[in-house]
1. Which residues, taken from segment 124-168, are assigned to a loop (DSSP other than H, G, I, E, B) and open to solvent by less than 70 Å² (accessible area, probe 1.4 Å)?
2. Just to be sure I understand the filter: pairs with C-beta atoms under 6 Å, separated by 6 or more residues or on different chains, first member in segment 85-107 and within 15 Å of ASP53 (Cα to Cα) and modelled with pLDDT of 95 or more, second member aromatic (Phe, Trp, Tyr) and not in a helix (DSSP H, G or I). Which pairs pass?
3. All but one of (1) closer than 30 Å to GLY382 by Cα; (2) part of a helix (DSSP H, G or I); (3) open to solvent by less than 10 Å² (accessible area, probe 1.4 Å) hold for ILE343, so report the exception by its number.
4. Restricting to segment 212-229, what's the tally of residues that are more than 25 Å from VAL284 (Cβ to Cβ) and polar (S, T, N, Q)?
5. Counting just the residues of segment 378-409 that are of a type in the set (Gly, Ala, Ser) and touching a helix residue (DSSP H, G or I) at 6+ places or on another chain (Cβ under 9 Å), which one comes out surrounded by the most Cβ atoms within 10 Å (Cβ to Cβ)?
6. What are the residues in segment 220-240 that are modelled with pLDDT of 95 or more, open to solvent by less than 60 Å² (accessible area, probe 1.4 Å) and in a loop (DSSP other than H, G, I, E, B), if any?
7. Restricted to segment 85-100, and to residues that are within 27 Å of the chain's Cα centre (by Cα) and not aliphatic (A, V, I, L, M), which residue is surrounded by the most Cβ atoms within 10 Å (Cβ to Cβ)?
8. Which condition number in (1) small (Gly, Ala, Ser); (2) touching a residue at least 60 places away in the same chain (Cβ under 8 Å); (3) in a loop (DSSP other than H, G, I, E, B) is the one that GLY276 fails?
Amino acid sequence: MNRMGRDFVSLKPRLSYAPPPLNGSMMTSLRLVLGDQLTRSLSALDGMDPAQDVVFMAEAAQETTYVPHHKQKIVLILSAMRHFAEELKSEGLRVHYVRLDDPANSGSFTGELARAIALHKPDRLIATEPGEWRVAQMMGEWSGQFGLPLEIREDDRFFCSRGRFARWADERKSYRMEFFYREMRRETGLLMQGDKPEGGEWNFDKENRKALPARLAPPKRQRFEPDAITREVMALVGERFAHHFGDLAPFGWAVTRADALEALDHFISACLPLYGDYQDAMKVGEPFLYHSIISPYLNCGLLTAREVCMAAERAFRTGHAPLNAVEGFIRQILGWREYVRGIYWRHMPDYADTNALDAHRPLPEFFWTGDTRMNCVSQVVGETRQNAYAHHIQRLMITGNFALLAGLEPRAVEEWYLAVYIDAFDWVELPNTHGMVLFADGGLLASKPYAASGAYINRMSDYCGGCAYDVKEKSGAKACPFNILYWHFLIENHARLAGNPRMAMPYRTLEKMSAERRAEITREALAFLEGGDKPQKAGQFALDL
């Protein structure tokens, strides 16, 4: 892979820079680059005339505060933006860059665009379609607001365009990721032998559900020492966003393309061979295990989906990684990532307002503090606070499972996921949380709710061994709350879920329970939800909003 220069330590931090306005009769374009579009091959930059065109980038206060983003998330985006701007300038491109701490910064992207237009007097604006609905709404007003032609180009960093997904969706009454994924495999040729899937199967998920052996030590993960630009951003974030969730240091995320490529190489060489076997495993003190932890770089543009999938496929073709691992990894990107983006753009904005299970309980404070006797939840929230990261099973089957079973308000849960995770952008976070985690869309995205009792957590982790609750107890003060809440969830949603074929088995078991046992479950579940979890430690962290 081609690597761009990495040595930014010698660069002197600078204030917002706007090149002098251009004069002349040739057409001048203002090329817009958003904070999640840090890709040199971005369509908005295609065909740029270095002599006439100007790249516009702005750090906007509104983007850092519409939810209380984790401190490390803000550092990643701002530092990556500044590094990307420097790379463009090193090519000789003209960059109009506005920093968050510029005294003249209006605080909004639209306000800073207005200032750039007044300075450069461009003939047109060129942008790549944004990833988020609210930004698309904002962008839709610019042409009329500024009286300039606005060209919005397709974001070709994805395998599947919005139009392509719409055509696929139009042909079916219900969606299923597996069928979409197979079409993407055929179209891209990834892990294919002619028109047949490699290994004769489309999906090797049944091989990817192993618990982590006690003596198996996952590889130490590569982290990146903050350079001068990143340290300056960290100081800014520490000052301005001290009240936001999460630890600021240690910060070890890549903020340049070169380092993101290094992180990808490390995953492929050190982790991918065992990724498949243990992708569903969880372990105390091991937040990363064999996961790629490159999703932040994919979602902000430092890496592209195609190069990541091709790197994984090469690992299989060269015998470095087994098929179950490579297929499982590629499915996360070519399958789920593309699928949830398609769902998002096809069904927004109404999608966010659905609440199929009529869930309205408030988000517990321990989602922010980790101050709960449930060891699994405490571990995941604690690691999220430290790293701005949790892997997909921790998100789905610990915090997500609890939110589903407890009937938490979807909007509150979704805002939490968007705030605390470094890779969370609305287009990918909302469908995953709304549809996959909470089943709030009634089954549009997923075929069943991913509800589970404590037995699943015990099977796939070592969390239960250090818990104040007993995972084997089904009732009483010592019983694992997930056990009680699981059956209460089925009782509470009987009318909505009993007809789902994939829920037939647990509902058959529920039907065999006596009325007295069901009443006992309901009493204990409601007592817990109304404050029955008595934390053993004082609050570690108080969110100040």
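1. Of everything in segment 124-168, those that are assigned to a loop (DSSP other than H, G, I, E, B) and open to solvent by less than 70 Å² (accessible area, probe 1.4 Å) turn out to be GLU129, PRO130, GLY131, GLU132, GLY147, LEU148, ASP155, ARG157, PHE158, PHE159, CYS160, SER161.
2. Close Cβ pairs (under 6 Å, with a partner that is aromatic (Phe, Trp, Tyr) and not in a helix (DSSP H, G or I)) amount to ALA85/TYR97; HIS96/PHE56; TYR97/TYR17.
3. Exception for ILE343: condition (1).
4. The number of residues fulfilling the criteria is 0.
5. ALA388
6. Of everything in segment 220-240, those that are modelled with pLDDT of 95 or more, open to solvent by less than 60 Å² (accessible area, probe 1.4 Å) and in a loop (DSSP other than H, G, I, E, B) turn out to be PHE224, PRO226, ASP227.
7. Filtering segment 85-100 for residues within 27 Å of the chain's Cα centre (by Cα) gives 85-88, 97-100.
Keeping just the survivors that are not aliphatic (A, V, I, L, M) gives 86-87, 97, 99.
Values: GLU86: 17, GLU87: 19, TYR97: 26, ARG99: 22.
Within segment 85-100, the match that is surrounded by the most Cβ atoms within 10 Å (Cβ to Cβ) is TYR97.
8. (3)
The values are calculated or read from the model by the stated rules, or taken from the named source; none is laboratory data. A quick note: this is a predicted structure, and the numbers were derived from the prediction, not measured. No Cβ is skipped: glycine too gets one built from the backbone with ideal geometry, and neighbour counts run over all protein chains shown. For accessibility, only protein heavy atoms count, side chains too; no ligands or nucleic acids. Shrake-Rupley method; radii C 1.70, N 1.55, O 1.52, S 1.80 Å.
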